[in-house]
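First comes the structure, then the notes that go with it.
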Protein chains: 2
Amino acid sequence: MATQKSDGMNYAPTGKPAPVVKPGEFLFAAMHLDHGHIYGQCNGLIEAGGTLVKVYDPDPAKVERFVKTYPQAKAVADPREILEDKAIRLVAAAAVPSDRGPLGCRVMQHGKDYFTDKSPFTTLEQLAEARRVCSATGRKYAVYFSERLHVECAIAAGDLVQQGRIGRVVQVLGLGPHRHGPAGSRPAWFYDKAKYGGILCDIGSHQLEQFLFFTGNTEATVQAAKVANYHFPDQPGLEDFGDVTVIGGNGATGYHRVDWLNPNGLGTWGDGRLFLLGTEGYIELRKYIDVAQGKQGDNLILVDHAGEHRIDCAGKVGFPFFGRLIRDCLDRTETAMTQAHAFKAAELCLQAQAIAVKVA
Amino acid sequence: MATQKSDGMNYAPTGKPAPVVKPGEFLFAAMHLDHGHIYGQCNGLIEAGGTLVKVYDPDPAKVERFVKTYPQAKAVADPREILEDKAIRLVAAAAVPSDRGPLGCRVMQHGKDYFTDKSPFTTLEQLAEARRVCSATGRKYAVYFSERLHVECAIAAGDLVQQGRIGRVVQVLGLGPHRHGPAGSRPAWFYDKAKYGGILCDIGSHQLEQFLFFTGNTEATVQAAKVANYHFPDQPGLEDFGDVTVIGGNGATGYHRVDWLNPNGLGTWGDGRLFLLGTEGYIELRKYIDVAQGKQGDNLILVDHAGEHRIDCAGKVGFPFFGRLIRDCLDRTETAMTQAHAFKAAELCLQAQAIAVKVA
């Protein structure tokens, strides 16, 4: 499936294959295909050597589309055919957000690792339960924070930060505008806050994960947050704007803004940006487009004491997360992302959502 | 004096002359030249037809440099030669920030209008006193918010917003990085918080003015703010980072970040940006440089439902503020900027500074 850029919902990047296992060594299945991100999740795992064997969704239309893309996946009529299949190591899922936590617990209780689309939870209670089940079963609750893990310039930025190229990262500023798309293009749950959890919980979760990652924080406090519905009065359950500012345990801070206001004239689904402010320079990512300049994404701009540098990352970096996740599942390590990090990012976006002031 | 871009302190744009009065019709003087912005203030007034007649500063070196640039200005040894000169309509000044309020009151009490560099005040008490004197004397306390008033792409953005090109502006996001410059290049007051008022009071004041202007707000509440000193441990009085988020009376919000961390490799003193998020599109300003792309500033990017547009504003827009200010002084109107707006912007930055959490 080629990358398509018209909407974020179906943005499923394909990267350089870098198998970490032989065919048949790491079997996984897909369950609940409510969000198009499931294609990105499966692409990543397959390119890393994973073997997709089964798929389940209550909706035959979703399954039909899925097996057209992945003919190797056997459609099963009962989820137990996946959950009780001892050969399957991991279940990838992109359920309706409010179902993701309970589904993950069920998967882990069946002795499998779980790889869910973000946002991983819609309530702090779901998070607490997942922490409990995770600890009790020793299984993984991995999260597809695609706006970092599946964006080559974001991976490259992480490498530059680790090399100390901009000194200490003191602030992360993320802009995550998203295209709503034509009326009728979104499922009913998209407009039901009880199901998607609010805009900071949903697309805000990418942002808080990036904050923790790029500043190297394991702890943070939400200082302030806002949500609004400025432009969709006929959809009172939708939040089309949200922002949050956080203070990390190490003194670095974050500010993150998300919205559903991306205008139709932009050549992609959202002009996602990330600014990393360091004590010795800064990095700007123009993730999906170089607006009014070029259609290609993965633009990294680095300014340090020596000069201004443009680094084109498209097709050059790959997505190491997926291979590491597979190895982590097999080796019971945490090289892709620690469980604590994934849960902390989830906790922050839920806390932000909980304290957000509704301004419109 | 040609525009120089290596540091913001001496950034004094020159624009298309657009005189609104005949020579000798509007006499003004300059007093207190502590900040290089005085050159931008004088350039703007002169290009609009103002006649610079006198200058005063206790430091002969500052006066010497000034009269080299403006030989028409007569250096006076006593400030009363300006304050008591009935022919002078307005005093432009860029005193040490903590002296700006008291100086302005003195100027107004001498029956003249006052045009100060930002930030106009360092304490809420100074603001209250200026409001009182302003009201009692009927004189103007105008403020040089140069990062909007003296930036052609910012003027153009205001026009586009007024034309409704991006619908309702729901958020203003401003980044105001500034170059500190080599050690020893800044005066002592730069490191003394009692004198410069804190980073949100100082360079943050530009930002809050832009928030009010672009969202059309007359009232706003500071939701949260932060300050830090990340990189100058030997200058404990300096804040090198600050941010603030505000909620406007009309429901639009703002987020603004300022810092003194601009790396030496950037081709100008700061990669100032402004993002105006509207319900029907957005505008990005790359004010002083198009980083890693071009040295020229005044880049306006407009994305609406029709497409992505780049508008080069350099040399094409001019700076209407100065002519309007001169006319306002002569006609006792408020076309350049209302007094209420200037004072409210000042109030917000002082309030932000007061509640800011020190994170480092």
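The values are calculated or read from the model by the stated rules, or taken from the named source; none is laboratory data. No experiment lies behind these values; they were computed from the predicted model shown. We place every Cβ from the backbone using ideal geometry, glycine too, and count neighbours over all the protein chains shown. The protein model used for the area step is the full one, side chains on, heavy atoms only, and it has no ligands, DNA or RNA in it. Shrake-Rupley method; radii C 1.70, N 1.55, O 1.52, S 1.80 Å.
Okay, here's what the table says:
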read-out: Within chain B: Cβ-based charge dipole about Cα centre, in debye rounded to nearest 20 (Lys, Arg +1; Asp, Glu -1); value: 520 debye
read-out: Reach of A:Lys295 by Cα under 13 Å, taken over aspartates and glutamates that are not fewer than 8 positions away in the same chain; value: A:Asp271, A:Asp312, B:Glu308
read-out: Solvent exposure, largest accessible area first (probe 1.4 Å, DNA, RNA and ligands not counted), of A:His32, B:His256; value: A:His32, B:His256
read-out: Computed Kirkwood radius, in angstrom, where 1/r is averaged over Cα pairs of the range B:209-360; value: 17.9 Å
read-out: Total formal charge among the other residues, if their Cβ is under 12 angstrom from that of B:Ala306, Lys/Arg +1 and Asp/Glu -1; value: -2
read-out: Solvent accessible area, Å² - A:Glu25, 1.4 Å probe, full protein context; value: 90 Å²
read-out: DSSP beta bridge pairing in chain B, given as percent antiparallel to the nearest 5; value: 55 percent
read-out: Solitary cysteines of the protein assembly as shown, where the nearest other Cys Cβ is not under 4.7 Å; value: A:Cys42, A:Cys105, A:Cys134, A:Cys201, A:Cys329, A:Cys349, B:Cys42, B:Cys105, B:Cys134, B:Cys201, B:Cys329, B:Cys349
read-out: Kirkwood hydrodynamic radius (C-alpha pairs) into Stokes-Einstein, the range B:286-360, 4 °C and 1.567 mPa s, D in µm²/s; value: 80 µm²/s
read-out: 1.4 Å probe accessible area per residue over the protein assembly as shown, in Å²; value: 33 Å²
read-out: D_trans [Stokes-Einstein, Kirkwood Rh over alpha-carbon pairs] for chain A, 37 °C, 0.692 mPa s, µm² s⁻¹; value: 161 µm²/s
read-out: Order of exposure, largest accessible area first, which applies to A:Lys62, B:Lys118 with probe 1.4 Å; value: A:Lys62, B:Lys118
read-out: Loss of accessible area when A meets B, both sides summed, Å² nearest 100, probe 1.4 Å; value: 4500 Å²
read-out: Under Karplus coefficients 6.51, -1.76 and 1.60, residue-wise ³J(HN,Hα) of the range A:144-154 in Hz, glycine/proline x; value: 8, 7, 5, 6, 10, 5, 10, 9, 4, 5, 6
read-out: Taking the convex hull of Cα positions in the protein assembly as shown, its mean projected area over all directions (nm²); value: 29.6 nm²
read-out: Peptide B:302-308 - average C-beta neighbours from other chains (10 Å radius); value: 6
read-out: For the B-to-A rotation axis, chain B residue with nearest beta carbon and its distance in angstrom; value: B:Ala224, 2
read-out: Rg/Rh (Cα only; Kirkwood hydrodynamic radius) as it applies to the range B:43-103; value: 0.94
read-out: Relative compactness, the range A:292-331, computed as alpha-carbon Rg over 2.2 N^0.38 Å; value: 1.74
read-out: Accessible heavy-atom area order of A:Arg310, A:Arg80, highest first, probe of 1.4 Å; value: A:Arg80, A:Arg310
read-out: With every protein chain in place, the range B:130-277: carbon and sulfur % of accessible area (1.4 Å); value: 51 percent
read-out: Surface/4 estimate of mean projected area, convex hull on alpha-carbon atoms of the range A:35-74, nm²; value: 2.6 nm²
read-out: Directionally averaged projected area (convex hull, Cα atoms, the range A:181-289), nm²; value: 7.9 nm²
read-out: For A:Ala142, distant residues with modelled amide H under 5 Å away; value: A:Tyr114, A:Phe115, A:Thr116
read-out: The range B:322-360 versus the range A:42-71: alpha-carbon centroid distance in Å; value: 59 Å
read-out: From phi via Karplus (6.51, -1.76, 1.60), per-residue ³J(HN,Hα) for the range B:348-360 in Hz, x at Gly/Pro; value: 4, 6, 5, 5, 4, 4, 5, 9, 4, 7, 8, 9, 6
read-out: Phi to ³J(HN,Hα) by Karplus 6.51 cos²θ - 1.76 cosθ + 1.60 over the range B:301-317, Hz, x for Gly, Pro; value: 10, 10, 10, 10, 6, 8, x, 9, 10, 10, 10, 8, 9, 5, x, 10, 10
read-out: Structure-based [θ]222 nm, the protein assembly as shown - -39500 (n - 2.57) summed over DSSP H runs of at least 4, per residue, nearest 500; value: -9000 deg cm²/dmol
read-out: Surrounding net charge for A:Val53, when Lys and Arg each add one and Asp and Glu each subtract one, Cβ distance under 9 Å; value: +1
read-out: Distances in nm from B:Ala194 to the matching label points in the other copies, shortest first (labels 7 Å along Cα to Cβ); value: 6.0
read-out: Cα Rg over Rh - the range A:21-151, Kirkwood; value: 0.94
read-out: Delta accessible area of at least 30 Å² on complex formation, residues of the range B:265-294, 1.4 Å probe, chain isolated as reference; value: B:Gly265, B:Arg273, B:Phe275, B:Leu277, B:Thr279, B:Tyr282, B:Arg286, B:Val291, B:Ala292, B:Gln293
read-out: Stokes-Einstein D in µm²/s, Kirkwood radius over Cα pairs - the range B:101-200 at 25 °C with 0.890 mPa s viscosity; value: 150 µm²/s
read-out: At least 20 Å² of accessible area lost relative to the chain alone, listed for the range B:218-244 with a 1.4 Å probe; value: B:Gln223, B:Ala224, B:Lys226, B:Tyr230, B:His231, B:Phe241
read-out: The protein assembly as shown - share of DSSP beta bridges that are antiparallel (%, nearest 5); value: 55 percent
read-out: Cut-off under 5 Å, modelled amide H: who pairs with A:Asn229 long-range; value: A:Asp240, A:Ala360
read-out: Placed amide H near A:Met31: partners under 5 Å, 5+ positions off or other chain; value: A:Tyr56, A:Ala92, A:Ala93, A:Ala94
